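Scroll down for the structure; my scribbles are underneath it.
The values are calculated or read from the model by the stated rules, or taken from the named source; none is laboratory data. Source: prediction; values computed, not measured. Reconstructed Cβ throughout: ideal geometry from the backbone, glycine too, with neighbour counts over all protein chains shown. Just so you know, the surface numbers come from the protein's heavy atoms only, side chains and all, with ligands and any DNA or RNA stripped out. Shrake-Rupley method; radii C 1.70, N 1.55, O 1.52, S 1.80 Å.
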Amino acid sequence: MFLGTHTPRLDDKGRLILPAKFRDELAGGVVITKGQERCLYVFPTPEFQRIADQLRAQPMTHKAARAYSRVFFASAHDEVPDKQGRVTIPAHLRSYAALDRDLVVIGASTRVEIWDKAAWETYLAESEDDFADIEEGVLPGGL
């Protein structure tokens, strides 16, 4: 399970050093793709395969599944981190998430998310007030 918030920097070649805490689970390979709210999702290869299997199980006539699959798979980039735990984020994904130099990398249970630092701070500021209100809908019965 991926947990925590980290603040690495993107180097001049578009590479990110994965947080040390995440490296073992991601060492076998990752898939980086577009996420919601203009962040990037980083999946260990087996988790990406599980999601791909779920999407493949949807009927071809399901319009929303087709649309999601197109964007999800077309933007996906697979890679094995190097010995220093670095992955290269392709230009089209850096552009999508408006990644500059300062990043925020968060653990989000089964995936890692990569955010532009300013975008993450804005997202947190806008969603902080809603956090307490949505617990009941997300976790019936609460904590």
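Toward the positive end of the charge dipole of the chain, with +1 on the Cβ of Lys and Arg and -1 on the Cβ of Asp and Glu, the farthest Cα among Ile51, Phe73, Ile114 is that of Phe73. The figure for Val138 is an accessible area of roughly 100 square angstrom, using a 1.4 Å probe on the protein chains alone.
In this simple spin-label approximation, Lys21 and Met60 carry label points 7 Å from Cα along the Cα→Cβ vector, and these lie 4.4 nm apart. Heavy-atom accessible area with a 1.4 Å probe sorts Ser69, Ser95, Ser109, largest first, into Ser95, Ser109, Ser69.
With all protein chains in place and a 1.4 Å probe, the accessible surface of the chain carries 54 percent carbon and sulfur. Here Lys13 is the anchor, and the lysines within straight C-alpha reach of less than 19 Å, apart from those fewer than 8 places off in the same chain, are Lys83, Lys117.
Just check the stretch 69-114 against the gyration tensor rule for me: Cα atoms, a ≥ b ≥ c as the square roots of the eigenvalues, rounded for a/c under 1.5, and otherwise prolate or oblate depending on whether a/b exceeds b/c. The shape class here is rounded.
Take each uninterrupted DSSP H stretch in the chain, measure its Cα extent along the helix axis, and return the ones at 15 Å or beyond whose mean Kyte-Doolittle hydropathy is at least 0.0.
Working: long enough: 45-56 (16 Å, -1.03); 63-74 (16 Å, 0.17); 117-138 (29 Å, -0.61).
Span-like helices in the chain: 63-74.
Think of a 1.4 Å ball rolled over the protein heavy atoms: the stretch 78-117 then has 47 Å² of accessible area per residue.
In the chain, the calculated helix contribution to ellipticity at 222 nm averages -12500 deg cm²/dmol per residue, counting -39,500 (n - 2.57) for every DSSP H run with n ≥ 4.
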